[in-house]
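Each remark here refers to the structure printed beneath this line.
The values are calculated or read from the model by the stated rules, or taken from the named source; none is laboratory data. Just so it is clear, the model here is predicted, and its values are computed rather than measured. Heads up, the Cβs are rebuilt from the backbone with ideal geometry, glycines too, and the neighbour counts pull from every protein chain shown. The accessibility values were calculated without ligands, DNA or RNA, using every heavy atom of the protein model including side chains. Shrake-Rupley method; radii C 1.70, N 1.55, O 1.52, S 1.80 Å.
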Amino acid sequence: MSEKTLQGKRIVLCVTGSIAAYKAVSLLRTLIGEGAEVSVVMTSSATQFVAPLTFEVLSGRPVLQRLFADSQPLPHLRATEEADLILVAPATANCLAKCALGLADDLLSTLFVAARCPIVMAPAMDGEMWDHPALAAHTRTLRERGIVVLEPEEGPLASGLLGKGRLPAEHVMMEAVRSRLALRRDWSGQRVLVSAGPTREPIDAVRFITNASSGKMGYAMAEAAAQRGAEVLLVSGPTALPSPPNVTRIPVLTAEEMYQELDSRFAWATVLVMTAAVGDFRPRYPSSAKAKKHEWAGEPLELERTPDILQSLSRKRTHQVLVGFAAESEDLLANGRIKLHQKNLDLLVMNRITGPQSAFGNETNEVILLPRHGTPVEVERLPKRLLADRILDTVQEHSGISAFSRSREPNEGIRRIQ
C-alpha cells in the first residue's frame with residue numbers, strides 16, 4: 001500500500017487455540033505496518049501454540065490473557081472502550097459457538113459480549129467441523145448480528161485431510177478490516193436497482209430450464225450499496241438467500257418477469273447493477289399441465305430467445321450508470337470488451353466459470369473489472385461481500401457522478417492488466 005490505511009486505528013487482535021495461531025504473528029506485523037495500534041488477547045489454548053512473548057515483543061504491549069489480572073483489573077472493559085475493531089484470527093469452532101450463544105467464561109468471550117465496535121472473525125478448524133449443522137447455525141446467528149464471519153479456505157488441514165477449514169488468506173482478512181473500519185455513507189442519495197439470481201423458464205407445470213446461479217453476488221452488491229447509504233431495490237430470481245437488511249426485494253421467476261420489473265423501475269434508478277444470470281432461451285410452447293412421459297414422442301424442445309434485458313435498458317438510459325456482469329470460460333478480456341461496448345456499459349465485471357473455483361455457488365470470487373474508460377483491473381479472490389465494495393469503489397472511480405467521493409485507495413490485491 002502506498003499509505004498507512006489504518007493509521008491511528010486501535011485494533012484488538014484475539015488469538016484462539018488453533019494450529020493457525022502462528023499466522024496471527026504475520027497478521028500482527030501487517031496491522032502494525034499499516035499504522036494500527038494493536039492489543040493482543042490470547043486464550044489459554046492459544047498460548048500452547050505461540051508464546052505470548054512473541055506478540056508482546058511485536059506489539060510493544062502486554063498480552064491480555066486472564067479476565068482477572070492483578071496488573072489490569074477488568075481488562076475487557078478497557079479494551080472494548082478503546083477499540084475501533086476486534087479481529088478474531090484464528091477463530092476456532094468453540095470460539096464461534098461461545099460468541100453466538102453469548103457465553104462469557106474467559107477474557108475473549110467476555111470481551112466479545114462487552115464489545116460495541118465492529119467485529120471480524122476469521123475461522124480456522126478441521127473441514128468436517130466447519131460443515132457441522134450446529135456450527136453453521138452459529139455462523140448464521142453471528143452474521144445476522146452484523147458480525148463479519150469470513151469463509152475458511154479449502155486445502156490441506158492439520159489433520160492431514162483436505163477440506164474447508166484453513167485460515168483465510170492474510171489479504172482477505174486485511175480487506176475485511178479495512179472495509180469495516182471504513183464504513184461510509186458515500187452512496188447516500190443514490191438509488192440502486194440490482195438484479196440477482198437465476199431465472200426459470202417453464203417447460204410444463206413442473207419442469208423448467210434454469211442455471212447454476214446462487215444469487216450470492218447480487219445479494220452482496222445490494223447489501224453493500226445499502227450499508228453505504230443507497231436506497232436499494234433488489235429484483236431477484238429464485239434463491240435460498242435471506243433478503244439483505246434495508247433492501248426491498250422483488251421476487252420474479254422468468255426472464256420476462258425480471259425484464260418487466262426492472263423496466264418499470266429503471267427511470268427511478270441512478271445505478272443499475274445487473275448481476276442476474278438471465279436464461280438466454282425459453283421453450284416456445286410451454287405446457288400449463290404436467291407433460292406425461294408416455295405422451296412425449298421425443299420431438300426436440302423448440303426454444304426461442306429471451307429478451308436481452310441489459311441491452312434493452314441500455315437503449316433507454318438517460319442518467320443511469322450501468323454495471324453489467326458476464327460469465328465466460330475463455331478469452332475473458334476479448335469477450336468482455338465486446339460486451340462492454342455492445343451494451344454501452346460503464347463497467348463490466350467478468351467472471352470465470354470454469355474449474356472448482358467457478359463464480360457460481362462459491363462464497364468467493366475473482367474477477368476482471370472492465371471500465372468503459374480506463375485500464376482493466378484483475379481482482380484476486382475475495383469473499384463476495386468484500387468484492388462488492390471493491391466494485392462499488394470502481395463504479396465511483398469511473399462513473400463521473402460528482403456526488404461520489406473516494407475515501408480510500410483500494411489497490412491491494414489488484415493487478416492492472418492490458
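Condition (residue is open to solvent by 30 Å² or more (accessible area, probe 1.4 Å), of a type outside the set (Ser, Thr, Tyr), in contact with a helix residue (DSSP H, G or I) (Cβ under 6 Å, 6 or more places away or on another chain) and over 20 Å from Ser188 (Cα atoms)) applied to region 233-243: is it met by at least one residue?
Yes.
Give the residue that is most open to solvent (accessible area, probe 1.4 Å), with candidates limited to residues of region 245-255 that are within 25 Å of the chain's Cα centre (by Cα) and of a type in the set (Val, Ile, Thr). Full working, then the answer.
Filtering region 245-255 for residues within 25 Å of the chain's Cα centre (by Cα) gives 245-253.
Still in the running and of a type in the set (Val, Ile, Thr): 247-248, 250, 252.
On the way: Val247: 20, Thr248: 77, Ile250: 21, Val252: 11 Å².
Here the residue is Thr248.
Give Arg191, Arg185, Arg180, Arg140 a once-over and let me know the one that is within 21 Å of Pro245 (Cβ to Cβ), free of Cβ contacts under 8 Å to residues at least 40 places away in the same chain, open to solvent by 30 Å² or more (accessible area, probe 1.4 Å) and not polar (S, T, N, Q).
On the way: Arg191 fails: free of Cβ contacts under 8 Å to residues at least 40 places away in the same chain; Arg185 fails: free of Cβ contacts under 8 Å to residues at least 40 places away in the same chain; Arg180 fails: free of Cβ contacts under 8 Å to residues at least 40 places away in the same chain.
After applying the criteria, what remains is Arg140.
Got a sec? Which of Glu299, Glu330 is under 25 Å from the mean Cα position of the chain (by Cα), among the charged types (D, E, K, R), more than 19 Å from Ser213 (Cβ to Cβ) and assigned to a loop (DSSP other than H, G, I, E, B)? Before you say what the answer is, go through the steps one by one.
Details: Glu299 fails: under 25 Å from the mean Cα position of the chain (by Cα).
Every option except Glu330 fails the conditions.
Those residues that are open to solvent by 30 Å² or more (accessible area, probe 1.4 Å), outside any loop (DSSP other than H, G, I, E, B) and in contact (Cβ under 8 Å) with a residue 24 or more places away in the chain, I need them from region 203-232; list them, please.
Listed by number, the residues that qualify are Ile209, Lys216, Glu223, Gln227, Glu231.
Going through His341, His319 one at a time, which residue ends up being open to solvent by 20 Å² or more (accessible area, probe 1.4 Å), modelled with pLDDT under 95, under 27 Å from Gln260 (Cα atoms) and in a helix (DSSP H, G or I)? Before you say what the answer is, go through the steps one by one.
Values: His319 fails: in a helix (DSSP H, G or I).
On inspection, the qualifying residue turns out to be His341.
Give region 189-202 a look and list any residue that's in a loop (DSSP other than H, G, I, E, B) and closer than 15 Å to Glu257 by Cβ, or say none. So that I can check it myself, show each step before the final result.
First pass over region 189-202, keeping only residues in a loop (DSSP other than H, G, I, E, B): 189-190, 197, 199-200.
Answer for region 189-202, where residues must be in a loop (DSSP other than H, G, I, E, B) and closer than 15 Å to Glu257 by Cβ: Gly197, Thr199, Arg200.
Out of all the residues in region 172-194, which are of a type in the set (Ser, Thr, Tyr) and out of contact with any helix residue (DSSP H, G or I) (no Cβ under 6 Å at 6 or more places or on another chain)?
In the first step, residues of region 172-194 are kept if they are of a type in the set (Ser, Thr, Tyr); the result is 179, 188.
Within region 172-194, just Ser188 meets the criteria.
Among the residues of region 256-277 satisfying the criterion of being among the aromatic types (Phe, Trp, Tyr) and either at positive phi or in a loop (DSSP other than H, G, I, E, B) (or both), which is most open to solvent (accessible area, probe 1.4 Å)?
Step one: list which residues in region 256-277 are among the aromatic types (Phe, Trp, Tyr), which gives 259, 266, 268.
Then drop every residue that is not either at positive phi or in a loop (DSSP other than H, G, I, E, B) (or both), which leaves 266, 268.
Details: Phe266: 7, Trp268: 71 Å².
Across region 256-277, the extreme among qualifying residues is Trp268.
Restricting attention to region 98-108, which residues are in a helix (DSSP H, G or I) and surrounded by fewer than 22 Cβ atoms within 10 Å (Cβ to Cβ)?
Just the residues of region 98-108 that are in a helix (DSSP H, G or I), to begin with: 98-101, 107-108.
Answer for region 98-108, where residues must be in a helix (DSSP H, G or I) and surrounded by fewer than 22 Cβ atoms within 10 Å (Cβ to Cβ): Lys98, Leu101.
Can you say whether Glu153 is over 25 Å from Val12 (Cα atoms), open to solvent by 20 Å² or more (accessible area, probe 1.4 Å) and either of a type in the set (Asp, Glu) or without any contact (Cβ under 8 Å) to a residue 60 or more places away in the chain (or both), as far as the supplied structure shows?
no
Within region 365-395, how many residues are in a strand (DSSP E or B) and in contact with a Pro (Cβ under 9 Å, 6 or more places away or on another chain)? Explain how you work it out, then say what you get.
Of region 365-395, the ones in a strand (DSSP E or B) are 365-371, 377-383.
Then drop every residue that is not in contact with a Pro (Cβ under 9 Å, 6 or more places away or on another chain), which leaves 365, 368-370, 377, 383.
Of the residues in region 365-395, 6 are in a strand (DSSP E or B) and in contact with a Pro (Cβ under 9 Å, 6 or more places away or on another chain).
Let me confirm something: among Met129, Met121, Met173, which residue is within 18 Å of the chain's Cα centre (by Cα), without any contact (Cβ under 8 Å) to a residue 60 or more places away in the chain, over 30 Å from Val252 (Cβ atoms) and not in a loop (DSSP other than H, G, I, E, B)?
Just one listed residue meets the conditions, Met121.
Matching residues to (1) at pLDDT 85 or above; (2) buried (at least 22 other Cβ atoms within 10 Å of the Cβ); (3) within 24 Å of the chain's Cα centre (by Cα); (4) under 30 Å from His132 (Cβ atoms):
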position: Arg61; (1), (2), (3), (4): yes, no, no, no
position: Leu67; (1), (2), (3), (4): no, no, no, yes
position: Pro73; (1), (2), (3), (4): no, no, no, no
position: His76; (1), (2), (3), (4): no, yes, no, yes
position: Val88; (1), (2), (3), (4): yes, yes, yes, yes
position: Ala93; (1), (2), (3), (4): yes, no, yes, yes
position: Val113; (1), (2), (3), (4): yes, no, no, yes
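Tally up the residues in region 304-316 that are closer than 25 Å to Arg207 by Cα and surrounded by 14 or more Cβ atoms within 10 Å (Cβ to Cβ), please.
Restricting attention to region 304-316, the residues satisfying the condition of being closer than 25 Å to Arg207 by Cα are 304-309.
Now narrow it down to the ones that are surrounded by 14 or more Cβ atoms within 10 Å (Cβ to Cβ): 306-309.
Qualifying residue count, region 304-316: 4.
Within region 220-228, is there a residue that is more than 23 Å from Arg390 (Cβ to Cβ) and of a type in the set (D, E, K, R)? Before you say what the answer is, go through the steps one by one.
Filtering region 220-228 down to residues more than 23 Å from Arg390 (Cβ to Cβ) leaves none.
Scanning region 220-228 turns up no residue that is more than 23 Å from Arg390 (Cβ to Cβ) and of a type in the set (D, E, K, R).
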